[in-house]
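Inspection log for the structure reproduced underneath, given as structure tokens.
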Amino acid sequence: MPVLALGVVPWLVSGRTAEGLAAQAGQLREFAAARPGLDLADLGFSLATTRSAFEHRAVVTGGSGEELAAGLAAVAAGGPATGVVTGTVPAGGGGRVGFIFAGQGSQRAGMGAELHAASPVFAAAFDEACALLEAELGVPVAEVVLGRGGPDAGGRADQTVFAQAGLFAVGAGLVALLASCGITPDAVAGHSVGEVTAAYAAGVLSLADACALVAARARLMQALPSGGAMTA
């Protein structure tokens with residue numbers, strides 16, 4: 001199953017020094033220029049998975065060979081450019097990966113819609129979570145979250161039952177997408193319903209159990225009168 005189907009391709013370049021990074025970018029530009037029929041995504045995959053990652057790094061993104069070549073030229077010259085991100089990391093890495101999951105208030109109608117269309121991995125995990133949530137709640141979670149619920153989708157997305165279920169489903173999809181790229185968390189944290197997403201990401205809860213908990217929480221909170229406050 002493809003991870004993403006996008007028109008933009010990232011190329012990763014690194015070097016032990018700023019000068020080494022510039023040299024690597026120049027060499028990659030020459031390599032690509034000499035091979036006009038090169039598969040841009042295939043080269044991007046090889047750069048990300050088969051090359052050493054040194055301290056000085058750059059990511060060049062583009063939808064065509066010309067855009068990528070322009071970005072590489074900028075890195076080689078040590079200057080900024082559209083589609084280019086540069087930075088440094090401590091020697092040997094040493095960092096750990098943490099996932100933080102948001103709670104209610106971060107939702108919007110259409111959140112994840114473009115990613116759902118572009119990533120079969122995200123879509124499969126999101127759809128599975130929504131199917132479990134909808135079976136518990138009896139409401140069209142996926143339709144509202146993806147912004148397909150008509151002109152009132154925005155208002156419905158802000159209702160607690162849709163907001164909490166939708167945020168969890170999007171979180172579950174993102175966890176699956178990142179895992180398919182080899183990115184798993186060393187630590188997790190969450191706020192409100194994000195705590196449940198964090199527990200799921202950590203393997204404390206199965207998807208079915210997490211969806212049952214999210215649905216129960218969303219159903220109870222939706223039934224509360226408006227204008228109140230919450231304490232825990």
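Residue 38 versus (1) open to solvent by 70 Å² or more (accessible area, probe 1.4 Å); (2) modelled with pLDDT under 90: which is the lone unmet condition?
(1)
Suppose the filter is in contact with a Gly (Cβ under 7 Å, 6 or more places away or on another chain), within 18 Å of residue 102 (Cβ to Cβ) and polar (S, T, N, Q); does residue 160 pass it?
Numbers: in contact with a Gly (Cβ under 7 Å, 6 or more places away or on another chain): no; within 18 Å of residue 102 (Cβ to Cβ): yes; polar (S, T, N, Q): yes.
The answer is no for residue 160.
Among all residue pairs at least 6 apart or on different chains, which show Cβ distances below 8 Å where the first residue, located in region 6-17, is in contact (Cβ under 8 Å) with a residue 12 or more places away in the chain and the second is in a strand (DSSP E or B) and among the polar types (S, T, N, Q)?
Within 8 Å, the pairs are 8/61; 9/61; 10/61; 11/61.
Can you pull out every residue in region 103-138 that is more than 15 Å from the chain's Cα centre (by Cα), assigned to a loop (DSSP other than H, G, I, E, B) and at pLDDT 90 or above?
Within region 103-138, just 138 meets the criteria.
Considering 9, 13, which residue is within 18 Å of residue 181 (Cβ to Cβ) and surrounded by 13 or more Cβ atoms within 10 Å (Cβ to Cβ)? Give the steps one after another, and end with the answer.
On the way: 13 fails: within 18 Å of residue 181 (Cβ to Cβ).
After applying the criteria, what remains is 9.
Just to check your reading of the model, which residue among 212, 216, 179, 189 is open to solvent by 20 Å² or more (accessible area, probe 1.4 Å), part of a helix (DSSP H, G or I) and closer than 28 Å to residue 95 by Cβ?
On the way: 212 fails: closer than 28 Å to residue 95 by Cβ; 216 fails: closer than 28 Å to residue 95 by Cβ; 189 fails: part of a helix (DSSP H, G or I).
Answer to the check: 179.
The values are calculated or read from the model by the stated rules, or taken from the named source; none is laboratory data. It should be emphasised that the depicted structure is a prediction, and the values quoted were computed from it without experimental measurement. All Cβ positions, glycine included, derive from the backbone under ideal geometry; neighbour counts span all protein chains shown. SASA here: full protein model, heavy atoms, side chains in, ligands and nucleic acids out. Shrake-Rupley method; radii C 1.70, N 1.55, O 1.52, S 1.80 Å.
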